[in-house]
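Engineer: What follows is a single structure, and I will ask about it in a moment.
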Amino acid sequence: MSKQRSSALGRAWSAWMSVPLWLQIFVGMVLGIVAGVSLGEQAVLLKPIGTLFVNTIKMLIVPLVFCSLIVGVTSMEDTAKMGRIGFKSFGFYLCTTAIAISLGLGVGYIIQPGAGVPLMQHEEVVQTAKEAPSVMQTLIDIVPTNPVAALASGQILQVIVFAVALGIALVLIGDHGKPAVKVFESLAEAMYKLTDMVMKLAPYGVFGLMAWVAGAYGIDMLWPLIKVIIAVYLGCALHILGFYSLVLSLFAKLNPLQFFKGISNAMAVAFTTSSSAGTLPASMKCASEYLGVNKKISSFVLPLGTTINMDGTALYQGVTALFVAQAFGIDLTWVDYLTIILTATLASIGTAGVPGAGLVMLTLVLSTVGLPLEGVALIAGIDRILDMARTVVNVSGDLVATTVIAKSEDELDEDHYNADMEQSMVIAQQNAESDMETKPL
Ligand code: ASP
């Protein structure tokens with residue numbers, strides 16, 4: 001009898017483990033809310049499960065950021081070789097990311113998703129607005145006088161600056177840097193694996209934290225989360241339809257409508273997979289088959305973008321950082337805003353193009369400005385829904401950059417760009433055939 005029960009439990013467990021992680025987290029959130037509402041104040045007993053999860057995330061931040069940033073920067077070895085195009089892409093990517101996060105902050109400021117979530121009344125998360133340091137001091141402080149101390153005390157901005165500088169130096173010393181790069185690549189892989197392992201705990205951590213929050217505040221908690229979803233989707237739509245259209249028509253004198261038609265397949269793949277790395281083959285195909293970008297450009301600019309360009313992720317971090325600040329009643333100073341822009345822009349270099357990576361990087365942005373990491377767990381329950389939208393922006397941003405840079409390098413076939421879908425396919429076919437003919441066997 002008990003054997004039967006244990007095998008039924010085993011089956012239930014393996015069925016649960018085969019559910020995709022995002023769905024497990026979502027279930028954790030829903031069950032947490034149900035438990036919180038039914039247990040009321042008692043639900044605070046479940047909070048330690050959430051705290052344990054938050055602590056394991058904190059454990060990841062410094063080594064993950066340090067290693068993945070170095071790998072991100074050193075992966076641009078080709079950039080040095082390709083000089084001008086690399087420089088253009090890097091500049092373009094950083095500027096658009098900074099604009100995306102500013103837009104996210106703007107939308108978050110207007111929609112106020114965290115307003116009316118009085119979490120700051122809870123004794124453990126009372127925070128007082130910090131005394132604003134002067135801008136000069138903030139700028140001076142981003143360079144660590146002792147990088148080891150910065151790593152040990154978790155001074156994220158300083159860690160980022162040191163990691164980027166070290167990455168550049170490793171690229172500049174060429175072959176001498178290779179062994180160290182290998183070590184960092186292997187450590188970064190290990191950190192990705194560890195992140196994977198920690199994220200498996202997310203459903204339970206989210207359950208504990210949501211139970212605590214719902215127990216203390218009831219289901220009124222849900223409306224702000226819906227507002228976060230609205231704010232992120234609105235920001236993403238504005239960035240794609242407004243900003244990217246403007247960039248395409250102003251800088252490249254191209255019709256944005258043709259562009260969006262050409263990349264619709266890649267957008268659909270990005271939305272459903274939530275992975276820009278996974279969407280790369282579809283993006284490559286769109287760039288050469290529908291947009292008329294020369295493969296020489298797309299095969300360099302697109303993989304680089306997939307690694308370092310995350311406009312959607314940055315935008316989402318802007319909205320969610322504001323949500324957390326509002327929910328915990330913390331007033332941000334404008335130095336904090338600038339710090340968020342700077343951190344999220346640099347952090348996007350180290351964000352992997354896989355589902356959920358932005359959530360881990362959000363912990364980095366929050367801790368830089370001293371916002372409570374409990375906020376990450378609140379967002380985690382709805383993160384997949386947000387991930388779908390931000391990945392579409394990430395992928396579209398890479399394709400905008402590729403198209404604009406191709407145009408500036410005279411590597412864009414405008415007849416192909418302006419052709420309708422069927423004509424495009426014919427031109428792509430002809431190009432492929434002529435490639436075969438010109439390639440020596
Ligand atoms: N899923 C995103 C991407 O692949 C990264 C993120 O989680 O923000 O682009």
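Just so it is clear, none of the values below were taken in a lab; they were calculated from the coordinates. Because the structure is predicted, anything quoted here is derived from the model rather than measured. No Cβ is skipped: glycine too gets one built from the backbone with ideal geometry, and neighbour counts run over all protein chains shown.
Engineer: What's the exposure ranking of 346, 60, going from fewest to most Cβ atoms within 10 Å?
Structural biologist: By the 10 Å Cβ count, ascending: 60, 346.
Engineer: Can you list the lysines whose alpha carbon is less than 22 Å from that of residue 47, not counting same-chain residues fewer than 8 positions off?
Structural biologist: Correct list for residue 47: 58, 200.
Engineer: Where in the stretch 269-294 does the label zone of residue 408 land, with the point 7 angstrom along Cα→C-beta and an amide N cut-off under 11 Å?
Structural biologist: No residues fall inside that zone.
Engineer: Place a +1 charge on the Cβ of each Lys and Arg in the chain and a -1 charge on the Cβ of each Asp and Glu, then give the dipole magnitude about the Cα centre in debye, rounded to the nearest 20.
Structural biologist: Here the chain has a charge dipole of around 960 debye.
Engineer: Which distance in nm do the two modelled labels at residue 219 and residue 95 give, with both placed 7 Å along the Cα-to-Cβ direction?
Structural biologist: Here the modelled spin labels are 4.9 nm apart.
Engineer: Looking at the chain, do any whole DSSP H helices span at least 20 angstrom along their long axis by alpha carbon and average 0.5 or above on Kyte-Doolittle, and which?
Structural biologist: 21-39, 47-74, 77-111, 156-172, 202-217, 222-237, 311-327, 383-408
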